[in-house]
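Trainee: This is the structure I have questions about; it appears just below.
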Amino acid sequence: MKKVTVHVTLKQGVLDPQGKAIQTSLHSLGFPEVEEARVGKYIELHMEDDADIEARVKAMCDKLLANPVIEDYRFNVEEAVQS
Amino acid sequence: MKFAVIVFPGSNCDRDMYHAAKDVLKADADLVWYENSNLENYDGVLLPGGFSYGDYLRSGAVASTSNVMQQIKAHAEKGKPILGVCNGFQILLEAGLLPGAMLRNKNLAFMCHQEPLVVANNQTQFTTGYEKGEIVRFPIAHGEGNYFCDEQTLADLKANDQIVFTYENNPNGSVADIAGITNKQSNVLGMMPHPERAVEELLGSDDGLRLFQSVVKNWRESYAVNR
């Protein structure tokens, strides 16, 4: 079993109103050092290992998990820890 | 002319769309559940607003992968009219039938009020009933209607006259004040404002009715020519 962790982030240059609101809140809580906040998504996939796993996950990201118009993604494949 | 109003789990403007097409426009229309649907006998497709699949992942993303979208793509390729309003627009973007993507409104608020729009292109089958530059009033009701595309796409949209409606007072931060765009062939229209909620004076505006009337009129004319 593999655990795939996918991080989806807004592209640089794409406005992130949520991040902006978080930054403003952090400032008002006394963290003026925060120059920018950007919000992204974290998706965990558990799946059987496969020789094509990297290509398969990339296709999943391109087709559904991320929207290439506004988002970038990166992912990591690791051994799933049996619980 | 017969319309299919596609209903996804979480659609909530489907009845409004159906009412506009069936009761006000007096066209044939069916509410069509997205699963096991057969669109073969429909001349036009209406994708209503709402929160399909609870806006999970991204607005419209999950609905855009459903089987019915393959049929809608086939319809689009045949030149049949497809109208996506609000969440329907978001679904068309996610399905790649229209270029660009939606971001959260710039003020992060869900906005629900009437907005004046400019008819930027009255040469599409959806807008021949309007004057170019005419101001029309449609309600908006969205939290993610901040249209975004890259500069190249925007240049293409302008060059091909694909921008059909713009906001007079951009409420959500959309690039180039964009409220509605078509595909290159101009038979697929996506727009955030709700023409189906502006079809009777009782509702505060009937400016949206002409959009539906334009579709029917143009369909009849092309039907007569192609027969």
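The values are calculated or read from the model by the stated rules, or taken from the named source; none is laboratory data. Computed from a predicted model, the values in this text were never measured in an experiment. Cβ coordinates were reconstructed from backbone atoms using ideal geometry, including for glycine residues, and neighbour counts include every protein chain displayed. All accessible areas refer to the heavy atoms of the entire protein, side chains included, with ligands and DNA or RNA removed. Shrake-Rupley method; radii C 1.70, N 1.55, O 1.52, S 1.80 Å.
Trainee: Based on the Cβ-Cβ distance from B:Q213 to A:Q18, what FRET efficiency comes out when R0 is 41 Å, to the nearest 0.05?
Mentor: Efficiency at R0 = 41 Å is approximately 0.55.
Trainee: Using only the heavy atoms of the protein chains and a 1.4 Å probe, how would B:W33, B:W219 rank by accessible area, largest first?
Mentor: From most exposed to least exposed: B:W33, B:W219.
Trainee: With the solvent-accessible surface defined on protein heavy atoms using a 1.4 Å probe, which residues belonging to segment B:26-60 display a reduction of at least 20 Å² in accessible area in the multichain context relative to the isolated chain?
Mentor: Residues passing the criterion (a loss of at least 20 Å², heavy atoms only) are B:L57, B:R58.
Trainee: Taking only C-alpha pairs under 8 Å that are 6+ residues apart, what is the relative contact order of chain A in percent?
Mentor: 52 percent
Trainee: What distance in nm separates the simple spin-label points at A:E44 and B:L31, each placed 7 Å from Cα in the Cβ direction?
Mentor: Going from the A:E44 label point to the B:L31 one covers 3.9 nm.
Trainee: Then there is this: Work out which GluC sites (Glu not before Pro) in chain B are exposed loop sites (DSSP not H, G, I, E or B, at most 11 other Cβ within 10 Å) and give the longest gap free of them.
Mentor: Maximal segment without exposed cleavage sites: B:132-227.
Trainee: How about A:K2: which aspartates and glutamates have a C-alpha closer than 19 Å to its C-alpha, ignoring those fewer than 8 places off in the same chain?
Mentor: Correct list for A:K2: A:E44, A:E48, A:D49, A:D50, A:D52, A:E54, A:E78, A:E79.
Trainee: Could you list the trypsin sites (Lys or Arg not before Pro) in segment B:13-98 that lie in coil according to DSSP, counting only those with at most 11 other Cβ atoms within 10 Å of their Cβ?
Mentor: Here the trypsin sites (Lys or Arg not before Pro) that fit, given the DSSP loop and packing criteria, are B:K26, B:K78.
Trainee: I've got another one for you. Spin-label point model (7 Å from Cα, Cβ direction): what's the B:K106 to A:F31 distance in nm?
Mentor: 2.6 nm
Trainee: Continuing with the same structure: Can you give the accessible area per residue of segment B:2-226, in Å², using a 1.4 Å probe?
Mentor: On a per-residue basis, segment B:2-226 sits at 41 Å².
Trainee: Could you order B:Y56, B:Y167 so the one with the most accessible surface comes first? Probe is 1.4 Å.
Mentor: Solvent-accessible surface, decreasing: B:Y56, B:Y167.
Trainee: Same structure again: Output the relative contact order of segment B:2-226, whole-number percent, from Cα pairs under 8 angstrom with separation of 6+ residues.
Mentor: 19 percent
Trainee: What net charge do the residues around B:N146 carry, taking every other residue with its C-beta under 12 Å from that of B:N146, with Lys and Arg at +1 and Asp and Glu at -1?
Mentor: -1
Trainee: If A:H46, B:H194 are ordered by their accessible area, calculated over protein heavy atoms with a 1.4 Å probe, which sequence runs from highest to lowest?
Mentor: Largest accessible area first, the residues go A:H46, B:H194.
Trainee: Sticking with this structure for a sec: To the nearest 10 square angstrom, how much accessible area does B:V216 have with a 1.4 angstrom probe?
Mentor: 10 Å²
Trainee: Not counting the cut sites, what is the longest span of chain A without GluC sites (Glu not before Pro) that DSSP labels loop and that have at most 10 other Cβ atoms within 10 Å?
Mentor: Here the longest segment lacking exposed loop sites spans A:49-83.
Trainee: How high is the relative contact order of segment B:47-123, in percent, counting Cα pairs under 8 Å that sit 6 or more residues apart?
Mentor: 30 percent
Trainee: From a point 7 Å beyond the Cα of A:V77 in the direction of its Cβ, which residues of segment A:47-64 have a backbone N at a distance under 16 Å?
Mentor: Counting backbone N atoms under 16 Å from the label point, the list is A:47-62.
Trainee: Could you name the lysines in cross-link range of B:K26, using Cα to Cα under 17 Å and dropping any fewer than eight places away on the same chain?
Mentor: Leaving aside lysines fewer than 8 places away in the same chain, those within reach of B:K26 are B:K2, B:K217.
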